[in-house]
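The values are calculated or read from the model by the stated rules, or taken from the named source; none is laboratory data. Everything numeric here is computed off the predicted structure, so don't read it as measured data. For neighbour counting, all protein chains shown are included, and Cβ atoms are generated from backbone atoms with ideal geometry for every residue, glycine included. Just so you know, the surface numbers come from the protein's heavy atoms only, side chains and all, with ligands and any DNA or RNA stripped out. Shrake-Rupley method; radii C 1.70, N 1.55, O 1.52, S 1.80 Å.
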Amino acid sequence: EAMLDTDVKSKPSQPHWYERYVQPCVAELLGTALFVFAGCLSVVENTEGTGKLQPALVHGLGAGVIVAILGDI
C-alpha cells in the first residue's frame, strides 16, 4: 500500500523570537516614523493655495502605502 505525501502531516514550527517580538516592533517604529516625517514635510512650505487638503491627502496616502508595505509583518 503506497503512502501519499498528503497523508503525512507535519507540525508547524513556532516562529523565531525575532519574528515574533522584534520584527513587529521595528516595523511599527519605521511605519510611524515615515508617517510623521511625510506629514511634517507636507506642511513645511505652507502656501496660500494648499489649505488643509494637502496634509490630509499626504497622511491618507502615506497610511495606505505604509499598510501595503508593512501590513504582512
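I need the full set of residues from region 29-53 which are modelled with pLDDT of 85 or more and surrounded by 13 or more Cβ atoms within 10 Å (Cβ to Cβ), in order please.
Residues satisfying the conditions are L30, G31, L34, F35, A38, G39.
Looking only at region 54-73, which residues are open to solvent by 90 Å² or more (accessible area, probe 1.4 Å) and touching a Phe, Trp or Tyr at 6+ places or on another chain (Cβ under 6 Å)?
Result: no residue meets the conditions.
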